[in-house]
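Only one structure is covered here, and it is reproduced in the block below.
The values are calculated or read from the model by the stated rules, or taken from the named source; none is laboratory data. Fair warning: this is a prediction, and the values are worked out from it, not measured in the lab. Virtual Cβ from ideal backbone geometry, glycine too; neighbours counted across all protein chains shown. To get the accessible areas, we keep the full protein, side chains included, count just its heavy atoms, and leave off ligands, DNA and RNA. Shrake-Rupley method; radii C 1.70, N 1.55, O 1.52, S 1.80 Å.
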Amino acid sequence: MRTRIRALSAAALVAAALVATGCSSGDPTPGPAGGGEVVLRGCTAQNPLLGLMTNEVCGGHVLDVVTSQLMRYDAETAAPVYDIAESITTDDAQLFTVKLKKGYLFSDGTEVKAENFIRAWNYGAYAPNGMAQATFFEPIAGYADLQCPGDDCDANKPPKEELEGLQQVDEYTFTIRTTEPTSNMELRLGYTVFAPLPEAFFADPKSAEFGRTPIGSGPYKVTSNTATEIVMEPNEHYTGAFKGKVDRIVYRIYDNDSSAAWADLLAGNLDFNDIVPGDQLVGDAWIAELGQERTVVRTSGTIEVLTVSPNDPQFKDNPKLRQAIGQAIDRETITREIYGGSRTPATGWVAPVVDGYLADQCGKACVYDPVQAKIDYDAAGGYQGILSVSVNGDGGHKDWAEAVCNNLRNNLGADCIVNLTPDFRTLLNQARDGELMGLFRNGWVMDYPSIENFLTPIYRVGAASNYSGYNNPEFESTLTQAAAATNLAQANELYQAAEAMLAQTYPTLPMWYRTTPAAWSTRVDNVVVTKMGWIDATQVTVHQP
Amino acid sequence: MIPVIIGATFILFVLVFALPGEPWQGRCGERECPASYIEAFKREYNLDKPLLLQYLLYLGKLVQGDLGVNFYNNRVIDELAVRYPTTVKLALIAIAVEIVIGIAAGLLAGINKGRFLDSLVVVSTLVVVSIPVFVIGSVSQWGVLQLHLNDIFPVTAAQGTIKQLILPGFVLGSLSVAYVARLTRTNLVENLRADYVRTARAKGLSTGRVIGVHTLRNSLIPVVTFIGYDFGSLMGGAIVTERIFNINGIGGFIFRSISQRDGVSVVGAVTVLVLVYLVANLLVDLLYGVLDPRISHD
């Protein structure tokens, strides 16, 4: 029976490949010979395919292979390794000298030079250009001069157009000076927002065409981009060390419907899939169906927390109450029963995949102990009235929020209700406007694999994602010291100390880390699933029939 | 027709923009977008202007046949051009299924009123009507995978080729098949009792001619009305089927655009839908005359 399935699915694959390589009118022309093609599960990019704009995974997965940066994250360990950079040196974690490899080309054949970085970063940081990722340039000296006074770009233009901290030394060398010491600068430079941009971009930066089929310095280039799929083919000018093996990558758009992608994977129409329907996750049915050799589960660089509303008077200055609530939540059971194991209970505020992770930082509030929780809860005065747990209704969060509420009702006797907002946007808006009381959901997906990325953007005063209103001078100064550290180990120790401070007041209650299921078809080999939970498209190969 | 379009676009425009939440929220991953990004976004899409002015600017373009640019900086006309052909193909397959299977079943049941075949059609259509479409869709996918028929009936239809759309077309048409069969049957049964049928029989016409030419034709008028209406609703309302089979159609596009507050896309897509409804109704009206010459179009 097994062999019959294989034989038939091979036939199906040939048919699928014929269909997939045909243009949208559907005429079955065979694909190019050689490395073959892989079909990856995709979703609609929210912004133009530009590192300066793309901050979600849908566009990010495409940019991963279409752009290259000074550094690249190693697929296995997520440690940064030199890509375009020949070397990056610094004595004080504040002035970095970057030397580029010569002969690194964009997909239009032009060479990557120092000015391609400087101009791209200046463009990204300059507020009137409205780049979504502008804040990543904040550490670079002179960033403030590129912002519009009063945040009003219609009335006031920024005083300068170029970052003072970027200086070109020669064609292949430039320096980066940061306002404050930034010990993990090297690591950050691997993120796609720091990709160089070619001359062609600056000719017409608003070009919709460039946003659809960008010119980058990565191993692949986008050759077509439609509502149904994004096709990538090798960049023939690529000279870097991460050349891809396959001749075509098809990024097929599924718009988050897990059942269609799953059916396609089973039918052999799809080669790599990272969303598995909930019913398949139960009891690991999907692993039984495909076998261990075609599946992997990765803990990803994400965390889900319940943020304690900074406007709720009952929680104000009552860390004991916060801790008791955290202690009364049975994360183990919820992640198993509701998520079928696709979440791992959190024991701190930093996902385990990153450099500098330390387990059990959260302390008592993350260890389920209903008896002690009840004692502490009563000692802390309890929560009077209705305790609401707010989650967005469009992301499948209702079930676990109900479970958390049940825990709080049964273990603590709290009058807990789930408050659903229509969507994520509304939740963020209400959180920002201070309309939410009690607890509300927040998630974080790391931008680059560092402990720092889980602390600074979320708990620093004035940070865009500091929904908990956390404000602790000691925490601030520890972060500053950590940023100034000259070696990574010392920096990590300081970041860990800062993380431990969160357990004094619990601005948020860590819930769980997301794990990403990944499954692939029988016709691909050398599947490496990165720490980010995505396939390394430069290593994958296809069997030749 | 023009007041219908202006009315529909205005109401939609106001409704979409009245929804809570902003179009740029959620575009910056799990964090807030920078103020400069929001400002540039508003400027680019006229969101900094009053709603009425936004609408008039939009209408001004619409009059010239320009459906505008959506929040993804794509021309709405291009977005629709990708999806409408797929949706039309899917709807036509579904309609063809309805016509062929539905009318045949109705005819058989009507002629054999009260006998086994009639009961079979009535009961089986009742069963089909009572099953939600996502159950039929998922079960059919599962069945195809179990029987290894994926290369004949692909389980998803990302590219929207005719071959890929056959399975979803059947699923989509299955509900309406039941209605068409029942409508045909009821009308046929009623008309078979009419005086003119007796006259025709008395004249010595063959049974085939009596039923095929005289009775069925008359009985099809309500069926054609239903199919015309159904075509319109299948165009925009096939969201569930589209999602199950990963079809890039209009229904899913409208759904996604609403949840992303992409008003320009919603209004553009629906405007075209209104046109489709109007044209489908016109066709139905014209067909009445063909089916029953007593209904004249003078």
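Estimate the FRET efficiency between A:VAL282 and A:ASN526 by the formula 1/(1 + (r/R0)^6), using the beta-carbon distance for r and 22 Å for R0, to the nearest 0.05. Spell out each step's value before the answer.
Details: r = 30 Å, r/R0 = 1.37.
After rounding to 0.05, the efficiency reads 0.15.
In nanometres, what is the gap between the two model label sites at B:LEU126 and A:GLU236, each 7 Å from Cα along Cα-to-Cβ?
Between B:LEU126 and A:GLU236, the simple spin-label model gives 6.8 nm.
Amide H of A:ASP74 versus every other amide H placed in the peptide plane: which residues, excluding those fewer than 5 positions away on the same chain, fall under 5 Å?
It is A:ALA79, A:VAL81, by chain and number.
Can you compute the helix-only [θ] at 222 nm over chain B? Use -39500 (n - 2.57) per DSSP H run of at least 4 residues, normalise by all residues, nearest 500 deg cm²/dmol.
That comes out to -22500 deg cm²/dmol.
Just read off the accessible area of A:GLU435 with the full protein assembly in place, 1.4 Å probe, to the nearest 10 Å².
Roll a 1.4 Å probe over it and A:GLU435 shows about 110 Å².
Round to the nearest 10 and report in Å² the accessible area of A:THR135, as given by a 1.4 Å probe over the protein chains' heavy atoms.
60
How much accessible surface does A:THR179 have with a 1.4 Å probe, in Å² rounded to 10?
Rounded to the nearest 10, that gives 90 Å².
Kindly point out which whole DSSP H helices in chain B project their C-alpha atoms 15 angstrom or further along the helix axis while averaging a Kyte-Doolittle hydropathy of -1.0 or above.
Qualifying helices, which must be both long enough and hydrophobic enough, are B:2-18, B:51-63, B:76-97, B:116-130, B:133-146, B:162-192, B:216-237, B:263-291.
Assigning unit charges at the beta carbon (Lys, Arg +1; Asp, Glu -1) and nothing else, what dipole magnitude in debye, to the nearest 20, does the protein assembly as shown show about its Cα centre?
Details: 64 positive and 87 negative charges, 770 e Å.
My answer is approximately 3700 debye.
Which FRET efficiency value, to the nearest 0.05, do you get for B:ARG75 and B:VAL139 by plugging their Cβ-Cβ distance into 1/(1 + (r/R0)^6) with R0 = 51 Å? If you can, show how the numbers build up before the last one.
Values: r = 39 Å, r/R0 = 0.76.
Efficiency computed from Cβ-Cβ geometry: 0.85.
When Lys and Arg each count +1 and Asp and Glu each count -1, what net charge do the other residues less than 13 Å away from B:LYS203, Cβ to Cβ, add up to?
Value of the local net charge: +2.
Can you give the FRET efficiency to the nearest 0.05 for A:THR480 and A:ALA144, using r as the Cβ-Cβ distance and R₀ = 25 Å?
0.90
Name the residues of the range A:455-497 whose amide N is less than 20 Å from a point 7 angstrom out from the Cα of A:THR77 along the C-beta direction?
Within reach of a label on A:THR77, which here means backbone N under 20 Å from a point 7 Å along Cα→Cβ, the range A:455-497 contributes A:486-493.
Report the charge-dipole magnitude of chain B in Debye, nearest 20, computed about the Cα centre from +1 at each Lys and Arg Cβ and -1 at each Asp and Glu Cβ.
960
log10 I(q)/I(0), Debye, Cα-only the protein assembly as shown, no solvent, q = 0.07, 0.08, 0.11 Å⁻¹?
-0.62, -0.80, -1.38
Applying the Karplus parametrisation 6.51 cos²θ - 1.76 cosθ + 1.60 with θ = phi - 60° to the phi angles of the range A:260-269, what ³J(HN,Hα) value in whole Hz is obtained for each residue in order, glycine and proline being reported as x?
Result, ordered by residue: 5, 5, 5, 4, 5, 5, 5, 7, x, 8 Hz.
Chain pair A, B: how much accessible area is buried, both chains summed, with a 1.4 Å probe, in Å² to 100? Each step should come with its number before you reach the end.
Values: alone 22640 and 16050 Å², together 34150 Å².
Accessible area lost upon association: around 4500 Å².
Once you charge only the Cβ atoms, +1 for Lys and Arg and -1 for Asp and Glu, what is the size of the charge dipole of the range A:300-515 about its Cα centre, to the nearest 20 debye?
The calculation lands at about 200 debye.
Figure the gain on full extension for A:ASP360 and A:GLU289 (residue separation times 0.36 nm, minus the Cα-Cα span) and round it to one decimal in nm.
Length gained, A:ASP360 through A:GLU289: 22.1 nm.
Need one value for B:243-255: mean number of C-beta atoms belonging to other chains within 10 Å of its residues' C-beta atoms. Mind showing how you got there, number by number?
Details: counts 6, 4, 5, 13, 2, 7, 0, 0, 0, 2, 2, 0, 1.
So the per-residue partner count for this stretch is 3.
What spacing in nm lies between the two simple spin-label points modelled at A:ARG432 and B:ALA104, each 7 Å away from Cα in the Cβ direction?
5.8
Return the single residue from B:GLY237, B:GLY102, B:GLY143 with maximal mean-square fluctuation; model: Gaussian network over chain B, springs between Cα atoms under 10 Å.
Taking springs between Cα atoms under 10 Å, the residue moving most is B:GLY143.
Sorted by accessible area with a 1.4 angstrom probe, largest first, how do B:ILE295, B:ILE162, A:ILE249, B:ILE2 fall? Display every interim value, and only then the final one.
Working: B:ILE295 65, B:ILE162 95, A:ILE249 0, B:ILE2 120 Å².
The most accessible residue leads, giving B:ILE2, B:ILE162, B:ILE295, A:ILE249.
How much net charge surrounds A:SER388 when only other residues with a Cβ under 10 Å from its Cβ are counted (Lys, Arg +1; Asp, Glu -1)?
-2
Which order do the peptides A:387-398, A:506-517 come out in when sorted by mean C-beta neighbours inside 10 angstrom, highest first? Write out the running numbers ahead of the final one.
On the way: A:387-398: 19.2, A:506-517: 23.1.
The peptides rank, most packed first, as A:506-517, A:387-398.
How far is it, in nm, from the label point at A:ILE386 to the one at B:ASP285 when both lie 7 Å from their Cα along the line to the Cβ?
5.2
For the full complex of protein chains and a 1.4 angstrom probe, list A:VAL528, A:VAL57, B:VAL129 by accessible area with the highest value first.
If we order A:VAL528, A:VAL57, B:VAL129 from most to least accessible, we get A:VAL57, B:VAL129, A:VAL528.
Taking chain B as a Gaussian network, where each spring joins two C-alpha atoms under 10 Å apart, which residue of B:LEU90, B:LEU12, B:LEU57 fluctuates the most?
Of B:LEU90, B:LEU12, B:LEU57, the Gaussian network model singles out B:LEU57 as fluctuating most.
Among A:ILE176, B:SER119, A:PRO345, which residue has its Cα positioned farthest towards the positive end of the charge dipole of the protein assembly as shown, with +1 placed on the Cβ of Lys and Arg, -1 on the Cβ of Asp and Glu, and the dipole taken about the Cα centre?
B:SER119
Could you please state how large a percent of the accessible area of the protein assembly as shown is carbon and sulfur, counting protein chains only and using a 1.4 Å probe?
Here it works out to 59 percent.
Kindly write out, for the range A:93-105 in residue order, the coupling ³J(HN,Hα) from the Karplus curve 6.51 cos²θ - 1.76 cosθ + 1.60 (θ = phi - 60°), rounded to whole Hz, with x marking Gly and Pro.
Here the 3J(HN,Hα) series is 6, 10, 10, 10, 9, 10, 10, 9, 6, 7, x, 8, 10 Hz.
Once the dipole of chain A is set up with Lys and Arg at +1 and Asp and Glu at -1 on Cβ about the Cα centre, which of A:THR486, A:TRP121, A:VAL527 lies farthest towards its positive end?
Comparing the listed Cα positions along the dipole, A:VAL527 ranks first.
Using amide H atoms built 1.01 Å from N in the peptide plane, name the residues 5+ places from A:ASP415, or on other chains, whose amide H lies under 5 Å from its own.
Here the answer is A:LEU387, since their amide H atoms fall under 5 Å of that of A:ASP415.
For chain A, what does the accessible surface come to per residue with a 1.4 Å probe? Please give it in Å². Write out the running numbers ahead of the final one.
On the way: 20450 Å² over 545 residues.
On a per-residue basis, chain A sits at 38 Å².
At 222 nm, what value in deg cm²/dmol follows for chain A if DSSP H runs of at least 4 each add -39500 (n - 2.57) and the sum is divided by all its residues, to the nearest 500?
Working: 17 runs with 155 residues, N = 545.
Roughly -8000 deg cm²/dmol at 222 nm, from the helical runs in chain A.
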